[in-house]
Amino acid sequence: MLDVITLEDWQALFLTVKLAFCTAFLLLFLCAPLAWVFVVKQFWGKNLFLSLFNLPFILPPTVLGFYLLIFLGAKGWFGQFVQLLGLSPLPFRFSGLLVGSLVYSFPFAFQPLFFGFLATGLTEYKRAFIFNANPWQAFWAVFFPQALPAFFHAFLFAFAHTLGEFGVVLMIGGNIPGQTQVFSTLLYGEVESLHYAKANLLSLFALGTSFLLLLSITSWFGHFSGLKKQQKEE
Amino acid sequence: MKIFIPQNSFSKPLQMDLPEKGVVGIFGETGVGKTTFLKFLTGLLKMEGAELIFQNQIWQRKNFFLPPWKRSLGYVSQDSQVFSQKTGQENLQFALRYRSSALKNSSNPLEKIVESAKDFRLESFLHLKPEKFSGGQRQRLALAQALIAEPKLILLDEPMSAQDIAEKERLSKLCKEKNQKMQSLIFYVTHSLDEFLQMADHGLWFVKNNPIDCFSGPLPALWPKMAQQLGVLAQFFITQVQQIQGSQAKVPLFGDDFWVYAPNAKVGKEIRVFIEAKKWWVGEKFFEGGSSGYFNAVKAEFTGWQRFKNELFSRWKAKENLWLIPMLEKKEQEKKLTLGEGYFCYCSKQVKVFV
């Protein structure tokens, strides 16, 4: 039964995981400082930015993909800029997929970090000042260990969400096997070609791994957040 | 320490000239801004236009603001916060980690931690995280953390509220001793008049007059004003022990010898005596409570009560100590007090001694 799985399929699977990992990893570095600024600083237009950040939550991924394609493409503003630097435009390449995923999964990393930081609070961080730790030292010695679960949370959510990406990937990446074909677009192709048995196999696999991933996140976070302990005490 | 706080929506402009070392007791009812004042001293709360000069170092003035991490501070907050992710030992280590001056003075920080753990009775749970601590234990950890790095300014916001009486006594003595050795200044916030009178050398009394008012001064000088406003018929003295006989100590009061029960006193050491009126009799009637007892006694009084009141109260206001001195001179527990023609009032006193 497994002999229907081709090298291309494995490539798509590998590419999906690679994309998810790179996206989640980069988003962590992008969102953590941003979330920190949004928690610590008060400035005009904060809500405006927060709403903007959350747009990918509700926007159809194809809309997002379409605008990214226009923006990043050879005739787009950013595409032209890239070409000026002597580079080729991003769409239909892995880097294009990555940029699309970064935008698409942005709120899934930002929100856990932002609310995680808010829930952690700045009390202990500020208390560290009393003991002559400057803000940088206070962040790493006190706040970071406190807010560590938020970092894991953000990483796993961004990772899991990128795994299931479809609209943006299709729009910006095309469906080029070995280059931009990911799991979801592969499956779509199989269904279009009426290969239902193989589509079923792939879907079952995706369903199983997604469930296992979520299960591990949930049980792990139950442990992390002290949920288990709380329940025990009750 | 020189402090100026400009006029704001809560208080009038406040100008304070406080000592550079010793213990400044802060007393006042809830909501008068005691904790806010401490936060202002730490720098965690920035007050625009305020001035703060401590031990000849400018902490805040005009456009200059020394951030909290450059000040030499110890702080026990009201809920005795400690770092929740660190064990007891790590909490103490953290207090020493970024403070260069403390490390210079002691060759081995571990020794300091061991000593501090012993002083504050933390040895057996140093390896645990604060969530496993009881309220009193956490409070002692916070206190140890505030003092371990020998800061110059120590802010204690009801730091012993969760301790039993014996432990409170021991800890307040310990804090005073350490403070004297370190030559630092303690701000000690409390609701308890006893604690205030026991700890403070200098008083800072916040009054909710809307706007909030603040009185400051050495404790013996500040006390009469406080007693009058609080409506406590009581006297307070700081004096020295002259002689010990068993558990009694002889102190000079009212130009006479005065024997008080003070089992821990030592000759030549400072002693604090607080004498409060407790029970009143008017004729056959009995009233309890310091000043309220007095006023009830007066109210229940016979025809000439206005005269009774005027006589007693005006003399007391004039600090003539009319109602206490005759009693104390005779060293009696109860003494008949003569008030004008034919009116009698009896009063019993309660003496508290802080060594």
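The values are calculated or read from the model by the stated rules, or taken from the named source; none is laboratory data. Bear in mind that the values here come from a model prediction, so they are computed numbers and not experimental data. All Cβ positions, glycine included, derive from the backbone under ideal geometry; neighbour counts span all protein chains shown. SASA here: full protein model, heavy atoms, side chains in, ligands and nucleic acids out. Shrake-Rupley method; radii C 1.70, N 1.55, O 1.52, S 1.80 Å.
Structural remarks
- Subset tally (residues that are part of a loop (DSSP other than H, G, I, E, B), of a type outside the set (Val, Ile, Thr) and within 29 Å of residue B:194 (Cβ to Cβ)) for the range B:13-44: 8
- Counting only residues that are under 11 Å from residue A:103 (Cβ atoms), of a type in the set (A, V, I, L, M) and in contact (Cβ under 8 Å) with a residue 60 or more places away in the chain, the range A:43-70 holds 2 of them.
- All of (1) more than 14 Å from every other protein chain (Cβ to nearest Cβ); (2) β-branched (Val, Ile, Thr); (3) touching a Phe, Trp or Tyr at 6+ places or on another chain (Cβ under 9 Å) hold for residue B:154 with one exception: (1).
- Breaking point among (1) small (Gly, Ala, Ser); (2) touching a residue at least 40 places away in the same chain (Cβ under 8 Å); (3) touching a Ser or Thr at 6+ places or on another chain (Cβ under 9 Å), for residue A:197: (3)
- Among the candidates B:131, B:111, B:123, the residue that is acidic (Asp, Glu) and within 14 Å of chain A (Cβ to nearest Cβ) is uniquely B:131.
- Verdict on residue B:171 being over 16 Å from the mean Cα position of the chain (by Cα) and either without any contact (Cβ under 8 Å) to a residue 60 or more places away in the chain or outside any helix (DSSP H, G or I) (or both): no
- Test: residue in the range B:166-185 that is open to solvent by 30 Å² or more (accessible area, probe 1.4 Å), under 24 Å from residue B:84 (Cα atoms) and out of contact with any Cys (no Cβ under 7 Å at 6 or more places or on another chain): no
- Qualifying position, being of a type in the set (Val, Ile, Thr) and closer than 21 Å to residue A:119 by Cβ, among A:17, A:39: A:39
- Filter pass, residue B:85 being open to solvent by 10 Å² or more (accessible area, probe 1.4 Å) and more than 9 Å from chain A (Cβ to nearest Cβ): no
- Yes/no for residue A:10 being at pLDDT below 90 and either closer than 30 Å to residue A:120 by Cα or assigned to a helix (DSSP H, G or I) (or both): yes
- Residue, nearest to residue A:182 (Cα to Cα), within the range A:19-35, restricted to residues that are open to solvent by 50 Å² or more (accessible area, probe 1.4 Å) and either among the hydroxyl-bearing types (Ser, Thr, Tyr) or in contact (Cβ under 8 Å) with a residue 24 or more places away in the chain (or both): A:21
- Within the range B:240-275, the residues that satisfy the criterion of being at positive phi and either in a strand (DSSP E or B) or exposed (fewer than 12 other Cβ atoms within 10 Å of the Cβ) (or both) are B:246, B:255, B:268.
- Elements of type helices (runs of 4 or more DSSP H) in the range A:138-234, at least 2 residues being over 30 Å from residue A:62 (Cβ atoms) and at pLDDT 90 or above: A:144-163
- The one condition in (1) open to solvent by less than 20 Å² (accessible area, probe 1.4 Å); (2) in contact with a Gly (Cβ under 6 Å, 6 or more places away or on another chain); (3) over 30 Å from residue B:74 (Cβ atoms) that residue A:147 fails to fulfil: (3)
- Boolean, residue B:48 is out of contact with any Cys (no Cβ under 8 Å at 6 or more places or on another chain), more than 14 Å from chain A (Cβ to nearest Cβ) and open to solvent by 10 Å² or more (accessible area, probe 1.4 Å): yes
- Flag for residue A:68 being away from chain B (no Cβ under 14 Å), under 21 Å from residue A:32 (Cα atoms), out of contact with any Cys (no Cβ under 6 Å at 6 or more places or on another chain) and not in a loop (DSSP other than H, G, I, E, B): no
- Test: residue in the range A:84-92 that is under 18 Å from the mean Cα position of the chain (by Cα) and away from chain B (no Cβ under 13 Å): no
- Selection of the range B:51-72 for residues being under 17 Å from residue B:99 (Cβ atoms), away from chain A (no Cβ under 14 Å), open to solvent by 10 Å² or more (accessible area, probe 1.4 Å) and in contact with an Asp or Glu (Cβ under 9 Å, 6 or more places away or on another chain) yields only B:55.
- Complete set of residues in the range B:107-122 that are under 20 Å from residue B:168 (Cβ atoms) and open to solvent by 90 Å² or more (accessible area, probe 1.4 Å): B:118, B:121
- A count restricted to the range A:128-140 and to residues that are more than 7 Å from chain B (Cβ to nearest Cβ) and open to solvent by less than 10 Å² (accessible area, probe 1.4 Å) stands at 2.
- Test: residue in the range A:52-59 that is open to solvent by 20 Å² or more (accessible area, probe 1.4 Å) and outside any helix (DSSP H, G or I): yes
- Residue count for the range B:23-45, restricted to those that are touching a residue at least 60 places away in the same chain (Cβ under 8 Å) and open to solvent by less than 60 Å² (accessible area, probe 1.4 Å): 14
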